[in-house]
Structures are given as structure tokens and as C-alpha cells.
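None of the figures in this text is laboratory data; all of them are computed from the coordinates on show. Since this is a predicted model, take the numbers as computed values, not measurements. Cβ placement follows ideal geometry from the backbone for every residue including glycine, while neighbour counts extend to all protein chains displayed.
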Amino acid sequence: MKKAVVLLSGGLDSATVLAIARAAGYTCHTLSICYGQRHAAELVAARRIAGALGAAEHREFAIDLSLFGGSALTDASAQVPQQPGEGIPVTYVPARNTVFLSVALAWAESISARDIFIGVNAVDYSGYPDCRPQFVAAFESLANLATKAGIEGERFRVHAPLIDLDKAEIIRRGVALQVDYALTVSCYVATDSGQACGRCDACRFRAKGFRNAGIVDPTPYV
């Protein structure tokens, strides 16, 4: 079986991606990033999901992006919006997916994995520039230019299987692959026990996805 590194945030999208990678026959090595986010509930959820979906290995990597600020997700004094807005929201974390994929690439090269999975989505998302197909393609090109394995012809692939799906389609795909969404945490300001606020962008997209999919939302709300 081929090895893959799967970025696993603990949320709905990344859990679905892990299930997709597993169903495609990959031995999955899951990676969560502790980046100075507002809560650790999603990291706890990622551990649960990795176990439930049969990851071969789960690791957490710590890098404190709160040192730089610039995001409501890493600055506890900043307000997370509770109403839809325009433009790129304050919950954008500068260069987050570039940092995450770079760490995943380093681990992948070290364990001779040539496939990396990430749960970015360009349909039901908040307008983040690092969730677009152009970004994924550019990073894959970088991976093959910047590594020993790439230079020696062992091509890396960055998979973003949710990139063109809406939330309802993602949820239906996950349910078909037996993902237990009750294990996941998507809320930007979840409590320590994983209860969701029900008002932030992440909660709104998630709730709408379950409604449109015709599936009961298992999210525990405050």
C-alpha cells in the first residue's frame, strides 16, 4: 500500500479527506498542527478521528503562529465575526496552508510518502486565498522543485479531493464512507469540550451543509 500524509485538523472536511484517502488504498499518516489557535478541542477531535478511521500513525506538530498575529483565530483579543461579511475575513491566518503543507511535505519525504492530502475547499468557504485550486497546483510544483525526492524524479502529488464540492456533497461523501461527524469539531471558538457556537462562518457553513444534505446535524451547540 502507498503511504500518504493527511493533514487532519479535526474538522468535518479533513475527516472526510482521511476517509477518502483510506478508501483509495493509502496507508495514512495523519498530521495535526498546533499553531496557536484559540482552542485545542479540534486537536482532541483529530486524535479521535485518526483512531476511528484507522490512521497508521498520528502526529502533532507545534508552531506558534500567534507570535505574528494577523488573525482572529490566533489572537484571543480579536473578535470572531458572527455575521457574514465581505472580502477575506479576519479569521484568515496568514500563509497557514502554505506552512501546513510545508510541514506535511517534510514528513512525507522523510517516510518516503509521495502523496499529501489536504481538505481545502473552494466552494463553501470564507474566501481564503490558500483554499483555491491555483494554490494547490502551485504548491505541488514547489514540492517537486524543492525536495531531493522531487529532483530525483519521485514526483509528489498534493490531493485536494474536496476542492470542487459544496458542503452537502462533502457530507454525503463522508457518510457513504462511514465518517462519524459527531467526532469532528469545526467551530472557530469551540469550548474545551468541543461545543460549537453556531454563529461563526465555520458553524454556518457546516449547519447549512447538513440541512442541504438532508442529514441530521450531530454537532453539539452551546
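Computed over the stretch 3-213, the quotient of the alpha carbon radius of gyration and 2.2 N^0.38 Å is 0.97. Whole-Hz Karplus values for the stretch 85-99 come out as x, 10, x, 6, x, 5, 7, 5, 9, x, 6, 4, 5, 5, 5 Hz, taken residue by residue from phi with 6.51 cos²θ - 1.76 cosθ + 1.60 and θ = phi - 60°; glycine and proline positions read x.
Net length available on complete extension from ALA138 to VAL123 is 3.5 nm, with 0.36 nm assigned per residue and the Cα-Cα distance removed.
For the pair the stretch 1-73 / the stretch 129-206, the C-alpha centres are spaced 9 Å from each other. Look at the alpha carbon pairs under 8 Å that are at least 6 residues apart: their mean separation over the length of the stretch 154-211 gives a relative contact order of 35 percent. Using the Cβ-Cβ distance between ILE215 and ILE151 with R0 = 35 Å, the FRET efficiency computed as 1/(1 + (r/R0)^6) comes to roughly 0.15.
Considering only alpha-carbon pairs that sit under 8 angstrom and 6 or more positions apart, the relative contact order computed for the stretch 1-130 is 31 percent.
Less than 5 angstrom separates the built amide H of CYS34 from those of PHE61, ALA62, ILE63, all sequence-distant by 5 or more or on a different chain. Amide H neighbours of LYS3 under 5 Å, counting only residues 5+ apart in sequence or on other chains, H built in-plane at 1.01 Å? The answer is THR27, ARG114.
Count Lys and Arg as plus one, Asp and Glu as minus one, and take only other residues whose Cβ is under 9 Å from that of VAL158; the net charge is then -1. Residue by residue, the stretch 119-124 carries 3J(HN,Hα) couplings of x, 6, 9, 9, 10, 8 Hz when phi is fed to the Karplus relation 6.51 cos²θ - 1.76 cosθ + 1.60 (θ = phi - 60°); x denotes Gly or Pro. The stretch between GLU86 and LYS208 holds 42.1 nm of extra length on full extension. This uses 0.36 nm per residue minus the Cα-Cα distance.
The Cα atoms of the stretch 1-117 define a convex hull whose projected area, averaged across directions, is 7.7 nm². Annotation for CYS34 and LYS2: the two label points, set 7 Å from Cα along the Cα-Cβ direction, are 3.2 nm apart. The angle between the Cα long axis of helix 12-23 and the main principal axis of the chain comes to about 40°, on a 0 to 90 degree scale. Size estimate for the stretch 95-141 follows the Kirkwood approach: the inverse of mean 1/r over distinct Cα pairs works out to 11.4 Å.
The alpha-carbon of LYS208 sits under 17 angstrom from the alpha-carbons of these lysines, leaving out residues fewer than 8 places away in its chain: LYS167.
At full extension, ILE111 and GLN195 could sit 26.7 nm farther apart than now, given 0.36 nm per residue minus the alpha carbon distance.
Counting only lysines at least 8 places from LYS148 when in the same chain, those with an alpha carbon closer than 18 Å to its own are LYS3.
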